[in-house]
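The values are calculated or read from the model by the stated rules, or taken from the named source; none is laboratory data. It should be emphasised that the depicted structure is a prediction, and the values quoted were computed from it without experimental measurement. Every residue, glycine among them, receives a Cβ derived from its backbone with ideal geometry; neighbour counts consider all protein chains shown. These area figures cover heavy atoms from the full protein model, side chains too; ligands, DNA and RNA do not enter into them. Shrake-Rupley method; radii C 1.70, N 1.55, O 1.52, S 1.80 Å.
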Amino acid sequence: MFKAKQPEPVLTDPLVQAVKGTSLWQDAWIRLRKNTFALCGLGVILFLCIIALLTPFIAPYGYEQQNLLLGAAPPSAEHWLGTDIFGRDMLTRIMYGSRVSLMVGFIATGVALLIGVLWGTIAGYAGGRVDAVMMRLVDILYALPFMIFIVLLMVVFGRNILLLFLAIGAVEWLTMARIVRGQVLSLRRQEFVEAAVSLGLSRWTIIRRHLIPNTLGPVIVYTTLTIPSVMLLEAFLSFLGLGIQPPQSSWGLLISYGVETMEEYPWLLLFPGLTLSITLFALNFLGDGLRDALDPRASKN
Amino acid sequence: MPLLEVDNLTTHFHTREGVVKAVDGISFSVDRGETLAIVGESGSGKSVACYSLLKLIPQPPGKIVAGRALFEGRDLLQTDNKTLQQIRGNDIAIIFQDPMTCLNPYLTVGEQLIEPLIYHRNISRKEATQRAIEILGEVGIVEPEKRINSYPHEFSGGMRQRVMIGMALIAEPKLLICDEPTTALDVTIQAQILGLVKALQLKRNIAVIFISHDLAVVAGVADKVAVMKDGLIVEQGPVDDIFYNTQHDYTKKLLASIPEGAKPETSNPDASNIENTPLLAINGLKTHFHDYSGGWLKRNQKVIKAVDDVSLKIQQGEILGLVGESGSGKSTLGRSILQLVPVTSGSVIFDGTDLTSLSPAQMKPMRRRMQMIFQDPYASLNPRMTVFDTLAEPLLYHGLATRKTVTEQVLALMDDVGLARSAIRKYPHEFSGGQRQRIAVGRAVSTKPELVIADEPVSALDVTIQAQILDLILTLIDKHNLTMLFISHDLSVVRYIADRIAVMHHGKLVETGSTESLFAAPQHEYTKKLLAAIPVADPARERERQAALIEPIINS
């Protein structure tokens, strides 16, 4: 990923290009490859994912391995990022934490994205009564206090990490659905949608080929905003007792413990915070790059 | 000394693709009481030139590189922003093209009218309101003392443009810049607005710069004409010289592309034979919309009769022109035929099948046989689909092509509509308006339809492009033996292309007849009015007509 840019495949003959297919996504990939910032973002995220996957094999210590004699020690040669108050290695805990945080971030956001985009597009395109019913349901779920919702889930299902995805997904798709519906409402009045109808295309084809691709800009921006908020939400839920339990760790949990001891042991906040920030930067660069790459108007080849 | 003397004005735009010389060293002058028309196609730099004078162009990317613009002896290009603010609106006012977007929807027109007065003249609110009422009366708004408290959406397009003119004139400017003031308006309204501007100009002895793409519109109002192309003035002079003694080739081309006269006699004589079974027969078609703005209660609902009991027949191979002003229901009629809007009652019989009785699934195979070309080539193409995607989609979807043959078929289609084969991978935004309309035309004929409904297909295009697209459409009609319903507000365009014309007014069909007979001897009052309002590219005739319109305004 960090290597020098590969030379563009020579695509001069229009016939060759056409036969090779002309999907939006291929063009987007070609454009994305020219965007250094986005590529770096993508690289950082892939790097983090690989580390997270390999953590059990490469972590220097066990995540629950304590050294009470050491206590909270600043960074040293043995413990690169220091240790927490129980003498647990911070690097190890951040690495294990990334497994939870990245998984929650991507899966919960992915679920929210899928449900939200479909729900919003269908409501916006169907219009009328269908739209009214679908969006009122969204309003009702919005109105439900998040805390009560969580407590209810805990009472019914007990503690379970899967509930984490469920709870987060259940709240995050609502905003996505609203954003997409608003987009689709204005799109469906455009003449190219009418043209698609008069060509006899089915509703599903119109939604898939004409509506959803044109909502991507705001959706991608909102997605890059959702991932970090989901990661922090996980910390809050874990703090409430839903989700992961100590001695397991996640970035959100590490940060919230770090905040408590900020004055005495600043590195307990600094390193998890830094990791989260780098991830967010990378996500934002990638998101911006994707948005531009998926909009043929944004950049000229 | 003229009121405004512009010398070697040069404005460049710095874009990603390099420097665009939008205005490349032009010189012109206007005197008090004089009208200078700047004519050119979109992108010729005519608007940028005028906006540069008041520094109304975005800077950057725009940059006024060189030039002088002496207004009453003061160089506008050298003045600081504060002085310029005083000059804008006060000494030089602008009327913009689109009256729909130039008024703030959240303020009453009165509020917007008195704003410049209070700002520039420093008079009391009461006096300003009084002045606003006077000016509204002057621009022809009935009951101005009541209407002053109305919001912009309560006015029609023409009325809004009158308000805009009032707003421009209220501070009594010395120079009025009109940027395509009638382009967004209907032809009958256009005549009224042109008359109004002319009359007010005579009354107040102000200078007018009139920007337009339409030589015919300019013929009646201008004293001098400057023709612009690619940032340069290619020809300028007194209006009669430009029209009667044309020097430059480009001006000649512009004049030649104004559609004039009727289409040559069709090679298809049986088109006029009513005895044949028509390809399309509409009987008592009604399309009504409910207006819920009064609330959802039944008694508060207003019904808008967009199409009200229309019956029409189109023969195989015929081109029927459908004419009417905006809001006459002509577009709704076109969409009703294609079942793009729900029909209230009546029948649409296409080749023996009543389309109104079909389910969406039954309609699908019919859709292949009837297609539509839309007005705005910027909105009718999916911005995220390449030419290939756009043209291949209907072919693949209707099984007219296989994955193997589709590229060849798309390329053939592109040849048909005059697009370069190398453009196959480009996205719509990379094309000009005319080329985009070619893509849209290509898409419409891709399914080999029998009936094509063209909804104002050339209204958004420049005159020279307009002529090209019309010729393309005529060629394709011939080649594919198409039947066409050609919807337009522009009678000269319809006259050029149609065999028969139907005139629509307030949702009803008021007159139908062959193109020649309708133009020679219109029967209905409305048709007569419509025909009388068409501007012609002949200054002498236009001035005569203007005089008749101006007289009552000046005397009032």
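Taking the criterion of being within 11 Å of another protein chain (Cβ to nearest Cβ) and either open to solvent by 10 Å² or more (accessible area, probe 1.4 Å) or not in a strand (DSSP E or B) (or both), the residues of the range B:445-455 that qualify are B:S446, B:T447, B:P449. Any idea how many residues of the range A:175-202 are in contact (Cβ under 8 Å) with a residue 12 or more places away in the chain and either surrounded by 21 or more Cβ atoms within 10 Å (Cβ to Cβ) or within 14 Å of chain B (Cβ to nearest Cβ) (or both)? Final tally of qualifying residues: 11. Kindly indicate whether any position in the range A:203-212 is hydrophobic (A, V, I, L, M, F, W, C), in contact (Cβ under 8 Å) with a residue 40 or more places away in the chain, open to solvent by 20 Å² or more (accessible area, probe 1.4 Å) and within 14 Å of chain B (Cβ to nearest Cβ). Scanning the range A:203-212 turns up at least one residue that is hydrophobic (A, V, I, L, M, F, W, C), in contact (Cβ under 8 Å) with a residue 40 or more places away in the chain, open to solvent by 20 Å² or more (accessible area, probe 1.4 Å) and within 14 Å of chain B (Cβ to nearest Cβ).
Here B:L476 passes the criteria (1) aliphatic (A, V, I, L, M); (2) away from chain A (no Cβ under 14 Å); (3) in contact (Cβ under 8 Å) with a residue 40 or more places away in the chain; (4) surrounded by 20 or more Cβ atoms within 10 Å (Cβ to Cβ) except the one numbered (4).
Within the range B:362-388, residues that are within 7 Å of chain A (Cβ to nearest Cβ) and more than 15 Å from B:L451 (Cβ to Cβ) have Cβ atoms under 9 Å from residues that are β-branched (V, I, T) and outside any helix (DSSP H, G or I) in these pairs: B:S380/B:I373; B:T386/A:T22; B:F388/A:T22, counting only partners at least 6 apart in sequence or on another chain. Being within 14 Å of chain B (Cβ to nearest Cβ), open to solvent by 80 Å² or more (accessible area, probe 1.4 Å) and in contact (Cβ under 8 Å) with a residue 40 or more places away in the chain is a property that A:R297 lacks.
Hey, B:M484 hits all of (1) open to solvent by less than 10 Å² (accessible area, probe 1.4 Å); (2) in a helix (DSSP H, G or I) but one; which does it fall short on? Failing condition for B:M484: (2). Scanning the range B:212-234 for residues that are closer than 17 Å to B:L3 by Cβ and either touching a helix residue (DSSP H, G or I) at 6+ places or on another chain (Cβ under 8 Å) or surrounded by fewer than 20 Cβ atoms within 10 Å (Cβ to Cβ) (or both) turns up B:A222, B:D223, B:K224.
When A:S256, A:S249 are screened for being away from chain B (no Cβ under 14 Å), outside any loop (DSSP other than H, G, I, E, B) and either of a type in the set (S, T, N, Q) or closer than 30 Å to B:L338 by Cβ (or both), only A:S256 passes.
In the range B:154-167, the residue that is most open to solvent (accessible area, probe 1.4 Å) out of those that are aliphatic (A, V, I, L, M) and under 22 Å from the mean Cα position of the chain (by Cα) is B:M159. Counting the residues of the range B:1-49 that are outside any strand (DSSP E or B), polar (S, T, N, Q) and more than 20 Å from B:V197 (Cα to Cα) gives 2.
May I ask you to verify whether A:E263 is assigned to a helix (DSSP H, G or I) and more than 20 Å from the chain's Cα centre (by Cα)? Here the answer is no, as A:E263 does not meet what is asked. Going through the range B:139-153 one residue at a time, which ones are more than 21 Å from B:T188 (Cβ to Cβ), open to solvent by 70 Å² or more (accessible area, probe 1.4 Å) and not polar (S, T, N, Q)? The answer is B:E143, B:E145, B:K146, B:Y151, B:H153. Looking for something over 15 Å from the mean Cα position of the chain (by Cα), open to solvent by 60 Å² or more (accessible area, probe 1.4 Å) and over 17 Å from A:E234 (Cα atoms) - is there at least one such residue anywhere in the range A:104-114? Looking for residues that are over 15 Å from the mean Cα position of the chain (by Cα), open to solvent by 60 Å² or more (accessible area, probe 1.4 Å) and over 17 Å from A:E234 (Cα atoms), one finds none in the range A:104-114, hence no.
The set of residues from the range B:404-430 being assigned to a loop (DSSP other than H, G, I, E, B), open to solvent by 20 Å² or more (accessible area, probe 1.4 Å) and within 21 Å of B:Q468 (Cα to Cα) comprises B:G418, B:A420.
Answer yes or no: is there a residue in the range B:368-383 that is part of a helix (DSSP H, G or I) and in contact with a Pro (Cβ under 8 Å, 6 or more places away or on another chain). Within the range B:368-383, one or more residues are part of a helix (DSSP H, G or I) and in contact with a Pro (Cβ under 8 Å, 6 or more places away or on another chain). Using the structure shown, decide if A:F157 is farther than 24 Å from A:D295 by Cβ, touching a residue at least 12 places away in the same chain (Cβ under 8 Å) and open to solvent by 10 Å² or more (accessible area, probe 1.4 Å). Answer is no for this residue. For a quick check of your reading: which helices (runs of 4 or more DSSP H) sit entirely within the range A:1-76 and have at least 2 residues that are at pLDDT 80 or above? Where helices (runs of 4 or more DSSP H) fall fully within the range A:1-76 and carry at least 2 residues being at pLDDT 80 or above, they are A:24-32, A:36-58.
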